[in-house]
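Undergrad: Have a look at the structure that comes next, please.
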Amino acid sequence: MKIDILTLFPEMLNGYLSESILKRAIEKNIVEINIINFRDFSKLNNKQVDDTPYGGGAGMVLRCEPIVAAIESVKTEDSLVILLTPQGQTYTQKMAEKLKSYKHLILVCGHYEGFDERILNFVDLELSIGDFILTGGEAAALVVTDSIVRLLDNVIRVDSKNNETFADNLVDYPTYTKPREFRGLKVPEVLLNGDHQKIEDWRKEQQIIKTKEKRPDLLK
Ligand SMILES: C[S@@+](CC[C@H](N)C(=O)[O-])C[C@H]1O[C@@H](n2cnc3c(N)ncnc32)[C@H](O)[C@@H]1O
């Protein structure tokens, strides 16, 4: 899979992509991630990519020409162009599952007041990561990238993903590690006896109990 992230602030992305599971997925060539700077596509002498809004009002707006030129520089017939915006449909794990089968995603990050509305004509999908306003789309692009890459084959162990929260519309079961007792809080006895069937049954039961407590909406 290839993911191109289009942004005005490449440095906001570099650190996250060069650590942990994403770093390993890139090194193993499971995913190719490129960061593309809108500024490289500005035809203006000062490389400006934004301007004041027609009609007046606060802030700066990203101009059509450099943003669309950046999209078109990487777009192929296999691409899905996604605009990160608080106005888009809310991103979920189910969407991550769908998007992981695309060969090429283009993630377009806004900034300042957002985009010239005409840019919407050049994208396939508008995605929001939640009902709040971020400074820019970079954090949202990382959320989308991370959640998709970890679903690709050979990135993390299959059994790590099977019981994760949202799989089968349940939350994950409780996990514990050493020590056996911490400030009077004990690890459940069933996890210490080595009976794999009992452990599996207990975990499934706990998933249902915890989902009812924390996320009853998932059971509907
Ligand atoms: C300050 S916001 C602009 C908000 C815009 N004026 C509005 O009210 O819809 C700047 C950029 O951050 C990104 N952004 C902000 N909140 C987001 C969210 N919840 N999900 C995805 N992207 C978001 C978008 O790319 C947006 O263009």
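Coordinate-derived values only; no laboratory data. This structure is a prediction, so every number in the text was calculated from the model and none was measured. Cβ atoms come from the backbone with ideal geometry, glycine included; neighbour counts cover every protein chain shown.
Undergrad: Taking K75 as the anchor, which lysines have their alpha carbon closer than 20 Å to its alpha carbon, excluding any fewer than eight residues away along the same chain?
TA: The qualifying lysines are K2, K43, K98, K100, K103.
Undergrad: Based solely on C-alpha atoms, express the radius of gyration and the Dmax of the chain in angstrom.
TA: Every Cα atom of the chain included, Rg and Dmax give 21.6, 71 Å.
Undergrad: So, one more: Only bridges with both residues in the chain count here: give the DSSP antiparallel percent, nearest 5.
TA: Beta bridges within the chain, antiparallel portion: roughly 15 percent.
Undergrad: Right, another one. Which of the peptides 19-27, 99-107 is most tightly packed, and how do the rest follow, going by the mean number of other Cβ atoms within 10 Å of each residue?
TA: Per-residue Cβ counts within 10 Å, averaged per peptide and sorted highest first, yield 99-107, 19-27.
Undergrad: What lysines sit close enough to K220 to cross-link, taking a C-alpha to C-alpha distance under 19 Å and skipping anything fewer than 8 places away on the same chain?
TA: Answer for K220, where 19 Å is the Cα cut-off: K94, K204, K210, K212, listed by chain and number.
Undergrad: Another question about this same structure. Test of understanding: express the Cα radius of gyration of segment 128-220 as a ratio to 2.2 N^0.38 Å, with N the residue count.
TA: Working: Rg = 17.2 Å, N = 93, 2.2 N^0.38 = 12.3 Å.
Normalised by 2.2 N^0.38 Å, the Cα Rg of segment 128-220 equals 1.39.
Undergrad: May I ask which residue of A70, I156, T90 lies farthest towards the positive end of the charge dipole of the chain, with charges of +1 (Lys, Arg) and -1 (Asp, Glu) on Cβ and the Cα centre as origin?
TA: Of the listed residues, the answer is I156.
Undergrad: Could you order the peptides 198-209, 140-151 from most to least packed, using the average number of other C-beta atoms within 10 Å per residue? Don't skip to the end; give the middle numbers.
TA: Numbers: 198-209: 14.5, 140-151: 20.8.
Result, highest mean Cβ count within 10 Å first: 140-151, 198-209.
Undergrad: If you build a Gaussian network model of the chain, linking Cα atoms that sit under 10 Å apart, which residue out of G57, G15, G110 swings the most?
TA: Residue with maximal mean-square fluctuation among G57, G15, G110: G57.
Undergrad: Now for a separate question. Amide H of D50 versus every other amide H placed in the peptide plane: which residues, excluding those fewer than 5 positions away on the same chain, fall under 5 Å?
TA: Here R63 satisfy the definition.
Undergrad: What is the Å³ per residue value for the convex hull set by the Cα atoms of segment 109-167?
TA: On the way: hull volume 6.7 nm³, N = 59.
Enclosed volume per residue, from the Cα hull, is 113 Å³.
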